[in-house]
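The values are calculated or read from the model by the stated rules, or taken from the named source; none is laboratory data. Just so we're clear, the structure is a prediction, and the values are computed from it rather than from any experiment. Here the Cβ is made from the backbone with ideal geometry for all residues, glycine too, and neighbour counts use every protein chain on show. Quick note on the areas: whole protein, heavy atoms, side chains included, nothing else; ligands and nucleic acids left out. Shrake-Rupley method; radii C 1.70, N 1.55, O 1.52, S 1.80 Å.
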Amino acid sequence: MKAFSYGRAQSVTDAAAAAGKPGVKIIAGGTNLLDLMKLQVETPSTLVDVNRLPLDKIEETSEGGLRIGALVRNSDLAADPRVRQHYGVLSRALLAGASAQLRNKATTAGNLLQRTRCYYFYDVTKPCNKRVPGSGCSALAGFNRIHAVLGGSEACIATHPSDMAVAMRALDAQVETIDHEGRTRTIPIADFHRLPGHTPEIESALTSGEIVTSVTLPPPLPGVQVYRKVRDRASYAFALVSVAAIVESAQGRIRSARLAFGGLAPKPWRVTAAEHSLTNAPAGAKTFDAAADAVFEGARGYGSNDFKIPLTRRVLHSVLGEITRI
């Protein structure tokens, strides 16, 4: 780890101003950033600690939803009674995401902004367009079992690692931000994470000098909420495939459905065509197959990650079957 200086932000706008300066990184839990610094993937000259800022509350909104502060710890969010009762898919995703020790440190904003676990991104001896733009993507012709089959490009096929973000995508969360001049804006989570295209180093919609202050959830949605994660080992590995599902059904028919997927793309993946194919359709294998077909339209495997497509089909069948039998 290279030497760096350290300071504490005195206000939210101070933190935003610091975030816009070259060589500065914001630190809260540090569960991802410190690992990257140890490997010299990230080499900031300055860390600015935001842990003392008043962004650690979970509050009800006037619309009947929840506002989750950027510094709310994952463990606190998963355990909140309102989240457990009304947003079960989010609580389950958080509990599936990491060990208790990491959840006690990791924050809401940090979870959204964590960086890929691509092997080549972490190995500074290998070309990686995320790390060094224009150097190439080693995963395209390398070992790419964990990589994207949807939404990738010739510049990058890394996946986004967050479980929490997948659940928030199914919930249509909104990300609230502030910049160094005190200007605020609200970004739909669908637009918050970027696909790689030709600029995989740009991973979110945040601009220079802008930070996340909170995430808002809509009022509780009807239906059964499930988060299913498939991974190489049960003890807190990143998802090969995950599904966040919110499905309302009755008498063998699906009334409405929201589906978001992790492990398949560079951002939490949601396909409205798949949801429309399920709406007002009879619960059964034919309907589930049609939804899977919609999810994987345009999918592309890269050798060792081809298995993700049939695996996701099986997981989706299992989740939808489980929900519609309840």
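Computing FRET efficiency as 1/(1 + (r/R0)^6) for MET1 and VAL224, where r is the C-beta to C-beta distance and R0 is 30 Å, gives about 0.05. Our estimate of slack between ARG253 and SER45, defined as 0.36 nm per intervening residue step minus the Cα-Cα distance, is 69.2 nm.
Take the Cα of ARG84, step 7 Å toward its Cβ, do the same at LYS57, and the gap between the two points is 2.3 nm. Excluding ligands, DNA and RNA, the accessible surface per residue across region 209-281 is 38 Å² with a 1.4 Å probe.
Taking a temperature of 25 °C and a viscosity of 0.890 mPa s, what whole-number D in µm²/s does Stokes-Einstein yield for region 89-212 with Rh from Kirkwood over alpha carbon pairs? The diffusion coefficient I find is 156 µm²/s. Among the protein heavy atoms of the chain, carbon and sulfur supply 51% of the accessible surface, probe 1.4 Å, non-protein parts ignored. The share of C-alpha pairs in region 237-326 whose separation exceeds 16 Å stands at 49 percent. ARG183 sits with roughly 140 Å² accessible to a 1.4 Å probe, with DNA, RNA and ligands left out of the calculation. When only the Cβ of Lys, Arg, Asp and Glu is charged (+1, +1, -1, -1), the dipole of the chain relative to its Cα centre reaches about 780 debye.
Using a 1.4 Å probe, what is the accessible area per residue for region 61-147, in Å²?
Working: 3770 Å² over 87 residues.
For region 61-147, the per-residue accessible area is 43 Å².
Divide by every residue of the chain the summed helix terms, -39500 (n - 2.57) for each DSSP H run of at least 4, and state the resulting mean residue ellipticity at 222 nm, rounded to the nearest 500 deg cm²/dmol.
Mean residue ellipticity, 222 nm, calculated: -8000 deg cm²/dmol.
HIS276 exposes around 130 Å² of accessible area when a 1.4 Å probe is run over every protein chain in place.
From the backbone phi of region 276-283, what are the Karplus-calculated ³J(HN,Hα) couplings (6.51 cos²θ - 1.76 cosθ + 1.60, θ = phi - 60°) in whole Hz, Gly and Pro given as x? Taking θ as phi minus 60°, the curve returns 5, 5, 8, 5, 6, 9, x, 6 Hz for region 276-283. Taking amide H as placed 1.01 Å from N in the peptide plane, THR213 has its amide H under 5 Å from the amide H of GLU176, THR177, ILE178, each at least 5 places away in sequence or on another chain. Result for the chain in a Gaussian network model with C-alpha springs under 10 Å: among ALA96, ALA205, ALA260, the largest mean-square fluctuation is at ALA205.
Solvent-accessible area of ASP14, all protein chains in place: 80 Å² (probe radius 1.4 Å, heavy atoms, ligands and nucleic acids excluded). Loop-located GluC sites (Glu not before Pro) in region 103-193 (DSSP state not H, G, I, E or B) with no more than 14 neighbouring Cβ atoms inside 10 Å: GLU154, GLU181. Label sites at LYS286 and ASP232, each approximated as a point 7 angstrom past Cα along Cα to Cβ, lie 4.1 nm apart. Give LYS21/LYS105; LYS21/LYS130; LYS25/LYS308; LYS130/LYS286; LYS2/LYS105 a once-over and call out the pairs whose C-alpha atoms are over 28 Å from each other. Long pairs (Cα-Cα over 28 Å): LYS25/LYS308; LYS130/LYS286.
Based on the Cα coordinates of the chain, what is the per residue volume of their convex hull in Å³? Can you show the working numbers first?
Numbers: hull volume 41.9 nm³, N = 326.
Considering the Cα atoms of the chain, their hull volume per residue is 128 Å³.
Residues considered: PRO133, PRO219, PRO310. Largest GNM mean-square fluctuation over the chain, using C-alpha springs under 10 Å, is found at PRO310.
Report the FRET efficiency, 1/(1 + (r/R0)^6), for LYS38 and ARG314, where r is their Cβ-Cβ distance and R0 is 35 Å, rounded to 0.05. Don't skip to the answer; put the middle values down first.
Numbers: r = 37 Å, r/R0 = 1.06.
For LYS38 and ARG314, the calculated efficiency is 0.40.
Residue by residue, region 112-125 carries 3J(HN,Hα) couplings of 4, 9, 5, 9, 4, 9, 3, 4, 6, 5, 7, 9, 5, 8 Hz when phi is fed to the Karplus relation 6.51 cos²θ - 1.76 cosθ + 1.60 (θ = phi - 60°); x denotes Gly or Pro.
Applying D = kT/(6 pi eta Rh) to region 169-208, where Rh is the Kirkwood radius over alpha-carbon pairs, T corresponds to 37 °C and eta to 0.692 mPa s, the Stokes-Einstein value obtained is 292 µm²/s.
Please identify the trypsin sites (Lys or Arg not before Pro) of region 45-127 that satisfy two criteria: DSSP loop assignment and at most 14 other Cβ atoms within 10 Å. Which are they? List each step's numbers first, then the result.
On the way: sites: ARG52, LYS57, ARG67, ARG73, ARG82, ARG84, ARG92, ARG103, LYS105, ARG115, ARG117; in loops: ARG52, LYS57, ARG115, ARG117.
Sites meeting the loop and neighbour criteria: ARG52, LYS57.
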